[in-house]
């Protein structure tokens, strides 16, 4: 045991360095090193528990996807006879060959690609501009207008379908790319997201650019856009996923097979397979359904893997409160 002087106080410590008694105040305080070790051990145990939980959650989400992909390479009969088994010696691509012959998947991919490129470009150009206006400009009625934009987020999609469909009919756009692209191209959530991200950009940067003679659009394009790239990347990933997975509106506004997007094609796979394959049984339909779903999964999987880092950074950037 040692005794240490701290001004008018005398502190006694044991060999482990834990304070035992403050002789100046006459009080005794016990801070054993073992308690610190216990706290550290509890934190480590909590972290391990969280990691195990997240791992189990990941397995629960990925298990059905993995089963679908693996089963797509099994003979159709084996999918029904032994759903959870897989014999590598029975590996086959017959389900994929038959599926491409029975289902117009190529046209679905093409239509989805056209809508994705054009609608995504409109979203990624105009949503940041609107967010920039709400974040960095003051004009009469700004708060009311922004509140109205946010209120549209509360409207269920099903409520808007009939008015939008009637509008498309008046324009003569039913079963056209215009109807697939323009409605919802400038999304309220995208505007809100960009407004939150751009609010974090320092006003001093914009004022310095104005002093240097830069125009308003030049300030946005040369100053704001490079700063908010993580937020733009996050919005791009979400936009791609929303457009790629959109089903309700395309199935309502398209009436011909040539204009159906990928999700609409997938929803009618069973009918197409049954109609194109004489005597198609449940096993055949199931095998081709799994093959088509596996092919449709590939683009999103590639996009998410490539842009995963940007997506996470974008989520964090979008969480900044303006």
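The values are calculated or read from the model by the stated rules, or taken from the named source; none is laboratory data. Because the structure is a prediction, the values reported are computed rather than measured. Using ideal geometry, Cβ is built from the backbone for each residue, glycine included, and neighbour counts are taken over all protein chains shown.
Yes or no: the range 215-224 includes at least one residue that is in a helix (DSSP H, G or I), surrounded by fewer than 19 Cβ atoms within 10 Å (Cβ to Cβ) and touching a residue at least 40 places away in the same chain (Cβ under 8 Å). The answer is no, given that none of the residues of the range 215-224 is in a helix (DSSP H, G or I), surrounded by fewer than 19 Cβ atoms within 10 Å (Cβ to Cβ) and touching a residue at least 40 places away in the same chain (Cβ under 8 Å).
Note on the range 247-263: residues that are touching a residue at least 40 places away in the same chain (Cβ under 8 Å) and in a loop (DSSP other than H, G, I, E, B) amount to 5.
All of 196, 178 fail the test of being in a helix (DSSP H, G or I), surrounded by 19 or more Cβ atoms within 10 Å (Cβ to Cβ) and in the same structural domain as residue 299 (by TED's automatic domain parsing), apart from 196.
Here is a yes/no grid of residues against (1) at pLDDT below 90; (2) touching a helix residue (DSSP H, G or I) at 6+ places or on another chain (Cβ under 9 Å); (3) in a helix (DSSP H, G or I):
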residue: 42; (1), (2), (3): yes, no, yes
residue: 48; (1), (2), (3): yes, no, yes
residue: 53; (1), (2), (3): yes, no, yes
residue: 99; (1), (2), (3): yes, yes, yes
residue: 123; (1), (2), (3): no, yes, yes
residue: 129; (1), (2), (3): no, yes, yes
residue: 145; (1), (2), (3): no, yes, yes
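Looking at residue 270, is it surrounded by 13 or more Cβ atoms within 10 Å (Cβ to Cβ), modelled with pLDDT under 90, outside any loop (DSSP other than H, G, I, E, B) and more than 24 Å from the chain's Cα centre (by Cα)? Considered against the rule, which asks whether it is surrounded by 13 or more Cβ atoms within 10 Å (Cβ to Cβ), modelled with pLDDT under 90, outside any loop (DSSP other than H, G, I, E, B) and more than 24 Å from the chain's Cα centre (by Cα), residue 270 comes out as yes. Residue 239 falls short on exactly one of the conditions (1) assigned to a helix (DSSP H, G or I); (2) without any contact (Cβ under 8 Å) to a residue 40 or more places away in the chain, and that condition is (2).
Within the bounds of the range 76-90, is there any residue that is without any contact (Cβ under 8 Å) to a residue 12 or more places away in the chain and more than 16 Å from residue 287 (Cα to Cα)? Yes, that holds for at least one residue. Determine if the range 65-73 includes at least one residue that is farther than 20 Å from residue 292 by Cβ and in a helix (DSSP H, G or I). Among the residues of the range 65-73, not one is farther than 20 Å from residue 292 by Cβ and in a helix (DSSP H, G or I), which makes the answer no. Output the residues belonging to the range 189-214 that are closer than 29 Å to residue 177 by Cβ and without any contact (Cβ under 8 Å) to a residue 60 or more places away in the chain. Result: 189, single match. Taking the criterion of being under 30 Å from residue 104 (Cβ atoms) and in contact with a helix residue (DSSP H, G or I) (Cβ under 8 Å, 6 or more places away or on another chain), would at least one residue in the range 210-218 satisfy it? Within the range 210-218, none of the residues are under 30 Å from residue 104 (Cβ atoms) and in contact with a helix residue (DSSP H, G or I) (Cβ under 8 Å, 6 or more places away or on another chain).
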